[in-house]
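This structure is in structure tokens; I'll ask about it shortly.
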Amino acid sequence: MRILHTSDWHLGQHFMGKTRQAEHQAFCAWLIEQVHAHEVDALLIAGDVFDTGAPPSYAREQYNRFIVELRGSGCELVVLGGNHDSVAMLGESKTLLAQLDTRVIPGVCADLREQLLVLHRRDGAPGAILCGIPFIRPRDVLQSQAGQSAQNKQLSLQQAIQQHYQALYALALGMRAELGGDVPIIATGHLTTVGASASESVREIYVGSLEAFPTSAFPPAAYIALGHIHRPQKVGGLEHIRYCGSPIPLSFDEARQQKEVLLVELDGSGLRGITALPVPRFQPLLSVRGSLKELEPAIVEAAQQGSSALPVWLEVLVSTDDYLSDLQLRIAALCEGLPVEVLRIRRERGNAVAALQGQARETLDELSVEEVFARRLEQEQLDAEDAQRLQTLYRGVLEALQADRD
Ligand SMILES: [Mn+2]
């Protein structure tokens with residue numbers, strides 16, 4: 001049984017004034033080639049198919065087209081909801097897509113058995129049992145209790161998620177016995193685990209929801225296909241618990257990562273092997289930093305990855321010279337004639353004046369909501385405890401808004 005594990009596509013992402021449509025299109029075409037080349041039996045998308053709950057039409061069209069193009073390859077598709085996906089939106093086409101060998105689990109189901117799927121080999125025989133676990137929202141698994149401290153909430157949520165995994169795994173064991181006993185059980189998830197390293201574009205799942213899930217709380221599945229973290233990695237050094245990461249870099253701090261999808265081979269005895277398939281870079285994207293003097297060669301070097309048809313998308317972080325008010329002009333001069341397009345210039349904070357000038361030039365588009373609040377706090381004379389208290393209150397407000405929006 002060969003499975004391809006991918007996640008965090010973020011179709012429809014709007015990136016500093018740029019669309020990722022062409023990159024996603026190229027990725028989908030490349031992925032279908034991989035399915036054919038490796039005779040993949042099942043493809044798993046472990047959450048965050050879309051960047052927002054109400055994705056633009058072109059992104060929905062890409063999703064639909066991908067499903068149609070995958071059909072006829074002999075590969076089944078399973079789509080799981082992530083924290084960026086809307087449960088309702090992904091659910092809309094669930095019954096329709098079931099007609100196209102595609103199973104969708106947008107959120108936690110009232111009947112747990114709906115999250116238990118048999119994945120088939122090309123010859124039609126059962127190849128694996130899947131515990132299909134999407135992003136879990138606190139209200140899916142918890143009754144809220146008044147007066148619970150943040151720490152207690154955290155613990156009850158973690159326990160509830162653990163119970164969800166264990167209950168589904170127990171059902172899977174029953175199903176395996178019915179099937180004759182030699183089918184591997186695998187699971188999915190869309191969450192942060194202990195020790196996983198995130199990036200700028202991973203939207204924090206706010207306090208009150210899960211901070212980090214310990215690997216010991218997962219059931220003993222042959223493979224656990226995770227999404228949410230955009231950098232590919234094993235979890236806790238374990239071979240069989242993996243983040244495949246996003247297929248394209250979704251923020252500048254992901255620019256130097258080799259993106260990949262994972263080809264997972266399983267048989268009746270369990271996991272046989274995992275091969276990372278490196279995803280080609282469809283749009284050059286880089287971040288350079290330093291003083292103006294250091295930036296000159298760095299920009300020239302970065303430009304080598306681009307061409308006039310496909311300029312490098314560049315982030316420039318200016319260190320020591322960040323007090324200069326005409327930075328934009330100076331950087332434009334450094335880029336003159338080179339195949340680069342500067343999407344963002346950032347100043348590393350020197351002194352207070354420089355920081356204020358920097359802020360004046362930042363636009364809201366470049367900042368996350370947390371950064372906006374952090375900038376505002378920087379303007380106050382607060383001791384650490386007060387700043388911490390305000391941060392906590394602010395996160396509470398965000399969490400409430402998030403819960404409303406979900
Ligand atoms: Mn994501």
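The values are calculated or read from the model by the stated rules, or taken from the named source; none is laboratory data. Since this is a predicted model, take the numbers as computed values, not measurements. Cβ sites come from the backbone with ideal geometry, for glycine too, and all protein chains shown count toward neighbours.
Within the stretch 264-278, does at least one residue satisfy the condition of being crowded, with 18+ Cβ neighbours inside 10 Å, modelled with pLDDT of 95 or more and within 16 Å of the ligand (Cβ to nearest atom)?
no
Follow-up. Write out, first by first residue and then by second, each pair whose Cβ atoms fall under 7 Å of each other, whose residues are 6+ apart or on separate chains, and whose first residue, in the stretch 16-42, is within 25 Å of His120 (Cα to Cα) while the second is assigned to a helix (DSSP H, G or I) and of a type in the set (Phe, Trp, Tyr).
That search, which allows pairs on different chains as well, returns Cys28/Phe66.
I've got another one for you. Of all residues in the stretch 135-165 being in a helix (DSSP H, G or I) and of a type in the set (S, T, N, Q), which is surrounded by the fewest Cβ atoms within 10 Å (Cβ to Cβ)? Outline the logic, then answer.
Step one: list which residues in the stretch 135-165 are in a helix (DSSP H, G or I), which gives 138-141, 150-165.
Still in the running and of a type in the set (S, T, N, Q): 151-152, 154, 156, 158-159, 162-163.
On the way: Gln151: 8, Asn152: 11, Gln154: 17, Ser156: 17, Gln158: 17, Gln159: 13, Gln162: 17, Gln163: 12.
That would be Gln151.
For the stretch 227-252, what are the residues that are outside any loop (DSSP other than H, G, I, E, B) and more than 11 Å from the ligand (Cβ to nearest atom)? Please lay out each step first, then the result.
Our first condition is that a residue be outside any loop (DSSP other than H, G, I, E, B); within the stretch 227-252, this holds for 227, 233-235, 238-243, 252.
Listed by number, the residues that qualify are Gln233, Lys234, Val235, Leu238, Glu239, His240, Ile241, Arg242, Phe252.
Looking for something away from the ligand (no atom under 16 Å from the Cβ), modelled with pLDDT of 70 or more, surrounded by 13 or more Cβ atoms within 10 Å (Cβ to Cβ) and within 16 Å of the chain's Cα centre (by Cα) - is there at least one such residue anywhere in the stretch 176-183?
no
Among the candidates Arg60, Arg65, Arg71, single out the residue that is more than 12 Å from the ligand (Cβ to nearest atom) and either among the β-branched types (Val, Ile, Thr) or in contact with a Leu (Cβ under 7 Å, 6 or more places away or on another chain) (or both).
Working: Arg60 fails: either among the β-branched types (Val, Ile, Thr) or in contact with a Leu (Cβ under 7 Å, 6 or more places away or on another chain) (or both); Arg65 fails: either among the β-branched types (Val, Ile, Thr) or in contact with a Leu (Cβ under 7 Å, 6 or more places away or on another chain) (or both).
Within the list Arg60, Arg65, Arg71, the selection yields Arg71.
Moving to a separate point now. Looking only at the stretch 62-115, which residues are acidic (Asp, Glu), under 28 Å from Leu173 (Cα atoms) and under 18 Å from the mean Cα position of the chain (by Cα)?
Restricting attention to the stretch 62-115, the residues satisfying the condition of being acidic (Asp, Glu) are 69, 76, 85, 92, 101, 111, 114.
With under 28 Å from Leu173 (Cα atoms) added as a condition, the list becomes 76, 101, 111, 114.
Within the stretch 62-115, none qualify.
Same structure, new question: In the set Ala54, Ala59, Ala29, which member is part of a helix (DSSP H, G or I), surrounded by fewer than 15 Cβ atoms within 10 Å (Cβ to Cβ) and not polar (S, T, N, Q)?
On the way: Ala54 fails: part of a helix (DSSP H, G or I); Ala59 fails: surrounded by fewer than 15 Cβ atoms within 10 Å (Cβ to Cβ).
Step by step, each of Ala54, Ala59, Ala29 is checked, and only Ala29 is part of a helix (DSSP H, G or I), surrounded by fewer than 15 Cβ atoms within 10 Å (Cβ to Cβ) and not polar (S, T, N, Q).
Here is a yes/no grid of residues against (1) modelled with pLDDT of 95 or more; (2) within 16 Å of the ligand (Cβ to nearest atom); (3) over 18 Å from the mean Cα position of the chain (by Cα):
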site	(1), (2), (3)
Ser216	no, no, yes
Tyr223	yes, no, yes
Glu260	yes, yes, no
Gly290	no, no, yes
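Report whether or not Leu44 is surrounded by 15 or more Cβ atoms within 10 Å (Cβ to Cβ), more than 17 Å from the chain's Cα centre (by Cα), among the hydrophobic types (A, V, I, L, M, F, W, C) and at pLDDT 95 or above. Reasoning before the result, please.
Working: surrounded by 15 or more Cβ atoms within 10 Å (Cβ to Cβ): yes; more than 17 Å from the chain's Cα centre (by Cα): no; among the hydrophobic types (A, V, I, L, M, F, W, C): yes; at pLDDT 95 or above: yes.
Against the criterion (surrounded by 15 or more Cβ atoms within 10 Å (Cβ to Cβ), more than 17 Å from the chain's Cα centre (by Cα), among the hydrophobic types (A, V, I, L, M, F, W, C) and at pLDDT 95 or above), Leu44 does not qualify.
Something else: What are the pairs with Cβ atoms under 9 angstrom where one residue, in the stretch 83-104, is within 16 Å of the ligand (Cβ to nearest atom) and the other, located anywhere, is of a type in the set (Ser, Thr, Tyr)? Sequence gap at least six, or different chains.
Final answer for the pair search is Asn83/Ser209; His84/Thr52; Asp85/Thr52; Ser86/Thr52.
This table checks each residue for (1) in contact with a strand residue (DSSP E or B) (Cβ under 7 Å, 6 or more places away or on another chain); (2) at pLDDT 95 or above; (3) in the same structural domain as Ser251 (by TED's automatic domain parsing).
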residue	(1), (2), (3)
Arg60	no, yes, yes
Tyr63	yes, yes, yes
Arg71	no, no, yes
Gly74	no, no, yes
Leu80	yes, yes, yes
Glu92	no, yes, yes
Leu96	no, yes, yes
Arg103	yes, yes, yes
